[in-house]
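Below: the structure, in structure tokens.
What follows draws every value from the coordinates through simple rules; no lab data is involved. Source: prediction; values computed, not measured. Because the Cβ atoms are built from the backbone with ideal geometry, glycine has one as well, and the counts that use them run over all protein chains shown.
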Amino acid sequence: AQSVAQPEDQVNVAEGNPLTVKCTYSVSGNPYLFWYVQYPNRGLQFLLKYITGDNLVKGSYGFEAEFNKSQTSFHLKKPSALVSDSALYFCAVRAVTSGTYKYIFGTGTRLKVLA
Amino acid sequence: NAGVTQTPKFQVLKTGQSMTLQCAQDMNHNSMYWYRQDPGMGLRLIYYSASEGTTDKGEVPNGYNVSRLNKREFSLRLESAAPSQTSVYFCASSEALLGWESYEQYFGPGTRLTVT
């Protein structure tokens, strides 16, 4: 079955430290991978995506993500965390099953950046 | 340019009542989606419309129906609400779903539905 896993429900990091939010996937074919962020009482906002090309993708608000095909991972990173980065982060993949395309979302990781 | 709008923002229903959640996008997107978000379960796809005139079931379609009224609007109907349908509902759109390109989704602000 095609799936996306975010193994950590919550990640705590001190302000100014680097942060990583993990995502692994299992899909057939080439994956199209996305990260979204959700602030309280808001809809999801697109951060970045990997389609093809350079394995390091840069996105909004200083976030980047590294695609690793051998480890089937797409971890979200930021060199220096801000308190305002505290939010719920979702990894997603576009998958194809029997010719039908759909997006599959992970369960989300809550990021808490401590001042 | 409002993006994706949803109405209502909040709704309380009694078991067995019906209602329609409205969604509209002004980005000329071809594809639209309805998700529900429950604690610990992330986002689950209810129905989607790859293009105007087509709709397909997602992961959790039971108890719901949809209508792609035109390119802009995609509504979700609960015919007989149940407490298990208490959730936050998000509508989203993307430029396309099919094909070699892959486009990010744009989400509305959500509808918080409680069924008692």
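Numbers for the structure displayed
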{"quantity": "Only Lys, Arg (+1) and Asp, Glu (-1) charged, at Cβ; region B:9-86 dipole about Cα centre in debye", "calculated": "140"}
{"quantity": "Extended-chain gain in nm, criterion 0.36 nm per residue less alpha-carbon gap, B:Q22 and B:S51", "calculated": "8.7 nm"}
{"quantity": "Hull volume in cubic angstrom per residue (convex hull over the Cα atoms of region B:1-71)", "calculated": "114"}
{"quantity": "Lys/Arg +1, Asp/Glu -1 at C-beta; chain A dipole; positive extreme among A:P79, A:N12, A:S98", "calculated": "A:S98"}
{"quantity": "Over chain A, volume per residue of the alpha carbon convex hull, in Å³", "calculated": "99"}
{"quantity": "Per DSSP, loop trypsin sites (Lys or Arg not before Pro) in region A:1-84 with at most 13 further Cβ within 10 Å", "calculated": "A:K69"}
{"quantity": "Per-selection Kirkwood Rh - region A:47-115 (Cα, Å, 1 d.p.)", "calculated": "13.6"}
{"quantity": "Those aspartates and glutamates that a straight Cα-Cα span of less than 13 Å connects to A:K112, excepting residues fewer than 8 apart in one chain", "calculated": "A:E8, A:D9, A:E15, A:D85"}
{"quantity": "Chain B: relative contact order as a whole-number percent, Cα under 8 Å and 6+ apart", "calculated": "35"}
{"quantity": "Alpha carbon convex hull of the protein assembly as shown, volume per residue in cubic angstrom", "calculated": "126"}
{"quantity": "For chain A, built as a Gaussian network whose Cα springs stay under 10 Å, the top-fluctuating residue of A:T100, A:T20, A:T52", "calculated": "A:T100"}
{"quantity": "Simple Cβ-charge dipole of region B:44-93, Lys/Arg +1 and Asp/Glu -1, about Cα centre, in debye nearest 20", "calculated": "80"}
